[in-house]
Every structure is written in C-alpha cells, then in structure tokens.
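Here the structure is laid out as structure tokens; the discussion comes afterwards.
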Ligand code: VGL
Ligand code: ZN
C-alpha cells in the first residue's frame, strides 16, 4: 500500500468520552482505538500530513435522544432514526475528546449533529443526506485524494463517513485495528463491513498504512522532494 502523504488525510472519528468505557453510549473497548490512531497521527504530522478529528456535538434535547420523545427508550427506532441515550451534549465532559487522544497532531476539528432536529453520523453529510459539513470542500480544495478513517463507531459514524467518502470519489481506507462498533441492532457491525466492502472501501491495519507511508519516503529522493513540495 502506497500512501502519498500530501494527498492523504487521517480522519479520527468521534473519540469522545461518551463513546468510550464509562460513557453514556459506551462502545465496548472503544478506547483501544486510541493507541493506533495516535501512532498514525504522529506518523502523519511528522511528515507534514493532515489529521482531522470529528466530534458528535448535540444540543440538549437533540432529536436522536430517546429522552426527547415521550414514552420512548434508547434502542427504539422512530421512522429511520435510532434513539440513543443522551450523549455528546455540547460543552459536557462526555463530549470532550478522550484524554489519551493526541490532539496536538490534529489540524482540523469538525463538529457535527449540532442542529437540534437533524442527526449526523457522517463526517461529510448530515442524516438528511444532503446538508454538507464542509469537509468535502475542504479536502477537495487541498487536493486530497485518499482518506484513512478510524474511530467510533464502526457501524455508525465510521460506516457513514466511509460510504460518503467513497461516494464522492475519494480512495477510502478504514483501519481494521482502530475502530470498534456499537453492535446494535444485532449484526450491525457485520453489515457495516459488508456495505463498506461493497462500496469499494479498502480495509487495512494501521501497521500496513504506516508501512505505506515509510515506503513512499524511502523509495527515492525524487519522490521525497516531490512529496515535500506539494504540502
Ligand atoms: C454515533 C450513535 C449516535 C457514532 C453517534 O459516533 O458512531 N453513534 N451518535
Ligand atoms: Zn450522536
């Protein structure tokens, strides 16, 4: 795998306290993604690459919260909206990035789901599937061709971000060792893998990607000079 650092970004999805053990919408072993993501983020920034972090950022009373709908409980589905426990409320400690996440490597933070009546799983489009977050424009303006995604959760925000990235023509890699799933409803993680595969999303480990970065830089000096000039 070859990674041209000047045309690639790492996107760290929703590494927030509420999605980690102890949080209100905890993903089993969610904090285990942080180590590989930090290693990759460091590998990227050392070479002048870009790293983006996303954050779920809901107002109190958000439409995706079961508590906003009388008589409903978490896990119910209303139309197509899965109802969740209150999570990632703007300004709460649950919405903070996990303290182990290396934020000094992050160049851009995208907050999503900040409108009361609209949820947003994807880093690119909100759940009406047409309201953009602006990330597509940012990446295209910079000439980014490849995105590498990891984080939480495999079956929601990583999935929707990866499908959108592939749909807008980006080479899309998801990190098998740096994502964890909610697993609700049952089978959602398996279905997520299948739909990503069907959409042409590439599955790779963080070690393979890191090796890909190294291989570009060690191929020859022409590549190295070209890579540096493009940044
Ligand atoms: C997420 C459920 C609700 C996620 C966000 O980050 O995957 N899942 N909000
Ligand atoms: Zn949410």
- Across segment 1-21, what is the number of residues that are in a loop (DSSP other than H, G, I, E, B) and away from ligand 1 (no atom under 16 Å from the Cβ)? 4
- Looking at (1) under 23 Å from residue 150 (Cα atoms); (2) surrounded by fewer than 15 Cβ atoms within 10 Å (Cβ to Cβ), find the lone condition where residue 53 falls short. (2)
- Message: I'm trying to understand the selection: among the residues of segment 185-194, which are buried (at least 16 other Cβ atoms within 10 Å of the Cβ) and over 13 Å from residue 121 (Cβ atoms)?
- Response: 189, 193
- Message: So for segment 112-134 (the condition being closer than 16 Å to residue 50 by Cβ and either out of contact with any strand residue (DSSP E or B) (no Cβ under 8 Å at 6 or more places or on another chain) or touching a residue at least 60 places away in the same chain (Cβ under 8 Å) (or both)), does at least one residue qualify?
- Response: yes
- Message: Residues that are touching a residue at least 24 places away in the same chain (Cβ under 8 Å), crowded, with 18+ Cβ neighbours inside 10 Å and closer than 24 Å to residue 141 by Cβ: does segment 57-67 have at least one?
- Response: yes
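Every residue, every condition in (1) at pLDDT 95 or above; (2) part of a loop (DSSP other than H, G, I, E, B), yes or no:
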{"site": "123", "(1), (2)": "yes, yes"}
{"site": "143", "(1), (2)": "yes, yes"}
{"site": "156", "(1), (2)": "yes, no"}
{"site": "173", "(1), (2)": "yes, no"}
{"site": "183", "(1), (2)": "yes, yes"}
{"site": "211", "(1), (2)": "no, no"}
- Across segment 125-141, what is the number of residues that are within 15 Å of ligand 1 (Cβ to nearest atom) and in a loop (DSSP other than H, G, I, E, B)? 3
- Is one or more of the residues making up segment 74-85 touching a strand residue (DSSP E or B) at 6+ places or on another chain (Cβ under 6 Å) and buried (at least 22 other Cβ atoms within 10 Å of the Cβ)? no
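Is one or more of the residues making up segment 108-129 at negative phi, touching a helix residue (DSSP H, G or I) at 6+ places or on another chain (Cβ under 6 Å) and away from ligand 2 (no atom under 16 Å from the Cβ)? Can you show your working first?
At the first step, the residues of segment 108-129 found to be at negative phi are 108-112, 114-128.
Filter again for touching a helix residue (DSSP H, G or I) at 6+ places or on another chain (Cβ under 6 Å), leaving 110, 121-125.
After this cut, where a residue has to be away from ligand 2 (no atom under 16 Å from the Cβ) as well, the list is none.
Within segment 108-129, none of the residues are at negative phi, touching a helix residue (DSSP H, G or I) at 6+ places or on another chain (Cβ under 6 Å) and away from ligand 2 (no atom under 16 Å from the Cβ).
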- Message: If I ask for residues that are crowded, with 18+ Cβ neighbours inside 10 Å and under 22 Å from residue 68 (Cα atoms), which ones from segment 123-162 would you list?
- Response: 126, 127, 156, 157
- Which members of segment 40-99 meet the condition of being more than 14 Å from ligand 2 (Cβ to nearest atom), under 17 Å from residue 157 (Cβ atoms) and assigned to a loop (DSSP other than H, G, I, E, B)? 80, 96, 98
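The values are calculated or read from the model by the stated rules, or taken from the named source; none is laboratory data. In this text, all values refer to a predicted model and were calculated from it rather than measured experimentally. In this analysis, Cβ positions are derived from the backbone assuming ideal geometry, glycine residues included, and neighbour counts consider all displayed protein chains.
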